[in-house]
1. Collect the residues in the stretch 1-30 that are charged (D, E, K, R) and surrounded by 14 or more Cβ atoms within 10 Å (Cβ to Cβ), keeping them in residue-number order.
2. Somewhere in the stretch 66-85, is a residue within 19 Å of Ser2 (Cα to Cα), in contact (Cβ under 8 Å) with a residue 60 or more places away in the chain and not aliphatic (A, V, I, L, M)?
3. Given the structure, is Thr88 crowded, with 17+ Cβ neighbours inside 10 Å, assigned to a loop (DSSP other than H, G, I, E, B) and more than 14 Å from the chain's Cα centre (by Cα)?
4. Restricted to the stretch 54-82, and to residues that are of a type in the set (Val, Ile, Thr) and assigned to a helix (DSSP H, G or I), which residue is farthest from Leu29 (Cα to Cα)?
Amino acid sequence: MSEQIIRRLVELNPDALLLEPREVYDAALVDITNDPKDDWERKTNTYVAVYDTDKCIDAIMDWFEVGHEEAVEWFSFNTSGAWVGEGTPTFR
């Protein structure tokens with residue numbers, strides 16, 4: 001399913017960013033949107049990837065072999081809290 005989402009996203013916004021490493025995060029990719037519900041200032045109609053927060057945290061726990069609390073902290077600082085431009089993914 002994530003490959004279909006990625007293909008559609010690339011069509012709509014080739015500058016949209018995907019979380020890396022892809023082999024860790026692609027399973028948490030759930031949708032795309034041009035109306036992200038986050039705190040970042042964005043242009044209108046900029047399509048971005050939408051990731052499931054809980055799936056990202058689970059992926060981080062497996063990737064780093066850490067507990068839930070440490071994964072949440074890492075996710076908050078390094079992933080959901082990182083603005084890298086208009087193509088920055090959003091989370092639900």
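Readers should treat all values here as calculations from the given coordinates under stated rules, not as data from a laboratory. These numbers were taken from a predicted model, which means no experiment stands behind them. Heads up, the Cβs are rebuilt from the backbone with ideal geometry, glycines too, and the neighbour counts pull from every protein chain shown.
1. First, pick out the residues of the stretch 1-30 that are charged (D, E, K, R): 3, 7-8, 11, 15, 20, 22-23, 26.
Listed by number, the list holds a single entry, Asp26.
2. yes
3. On the way: crowded, with 17+ Cβ neighbours inside 10 Å: yes; assigned to a loop (DSSP other than H, G, I, E, B): yes; more than 14 Å from the chain's Cα centre (by Cα): no.
When the stated conditions are applied, Thr88 does not pass them.
4. Val72
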